[in-house]
Amino acid sequence: MIARMAIAAEKRTANTAQAAHGGVYSMWGQNQPIAPIAASIGKKVKKSRRYSFAGFDEVWLLVSCGVPELGAVVSTFLMSPWVTAAALQEATGRLLAGSTYARAFLHPIIGQEEALYRWAPAIGWEKFVKPAVLPRGPSFWDIQKVIRKFSLLR
């Protein structure tokens, strides 16, 4: 129920942005993202206190950014190389520790790197980055084509 309400609110925001900008928009991304992230988490912590989570062993918080929807890509874009676990801990650690959340995640969907941030009370924030895939060299078949090409030129 809560998730459906949140999704509906995000859809309304995206539709409003699309209508206001005629379907095309361009904006600057956030260059100091820690304060907006902390504000967003603060709102979610405050809102979570209104609900009963009886019957659940744990409640987790997922904050997605870089949402690939018109009206949401730029407004939620996160320059993850600039965001450290230490900065997130300083800005949100105490807030999350006093919340109903047993875990929290910050997930940039579209970003410069494939990153995931995870918070747990005993550990604090951690950042995990999937290593970039290195470009592959030529395959066996590519080398065979080059050999054939040069052997035909002789």
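Annotations for the structure displayed:
- Contacts under 9 angstrom Cβ, first residue in segment 116-140 being farther than 18 Å from residue 59 by Cβ and free of Cβ contacts under 8 Å to residues at least 12 places away in the same chain, partner charged (D, E, K, R) and part of a loop (DSSP other than H, G, I, E, B), 6 or more apart: 131/114
- Residues located in segment 121-141, provided they are exposed (fewer than 10 other Cβ atoms within 10 Å of the Cβ) and of a type outside the set (Phe, Trp, Tyr): 122, 130, 131, 132, 133, 134, 135, 136, 137, 139
- Within segment 103-120, restricting attention to residues that are more than 14 Å from residue 38 (Cβ to Cβ) and at pLDDT 95 or above, the residue that is surrounded by the most Cβ atoms within 10 Å (Cβ to Cβ) is 118.
- Summed over segment 96-154, residues that are more than 24 Å from residue 78 (Cβ to Cβ) and part of a loop (DSSP other than H, G, I, E, B) total 10.
- Boolean, residue 54 is in a helix (DSSP H, G or I), modelled with pLDDT of 70 or more and either exposed (fewer than 14 other Cβ atoms within 10 Å of the Cβ) or of a type in the set (A, V, I, L, M, F, W, C) (or both): no
- Qualifying positions in segment 57-86 - at pLDDT 70 or above and hydroxyl-bearing (Ser, Thr, Tyr): 64, 80, 84
- Where residue 89 falls short, out of the listed (1) under 16 Å from the mean Cα position of the chain (by Cα); (2) polar (S, T, N, Q); (3) at pLDDT 75 or above; (4) crowded, with 16+ Cβ neighbours inside 10 Å: (1)
- Matching residues in segment 131-154 - criterion: being at pLDDT 75 or above and among the polar types (S, T, N, Q): 139, 144
The values are calculated or read from the model by the stated rules, or taken from the named source; none is laboratory data. This is a predicted model, so every value here is computed, not measured. Methodologically, a virtual Cβ is constructed for each residue, glycine included, from the backbone with ideal geometry; neighbour enumeration extends over all protein chains shown.
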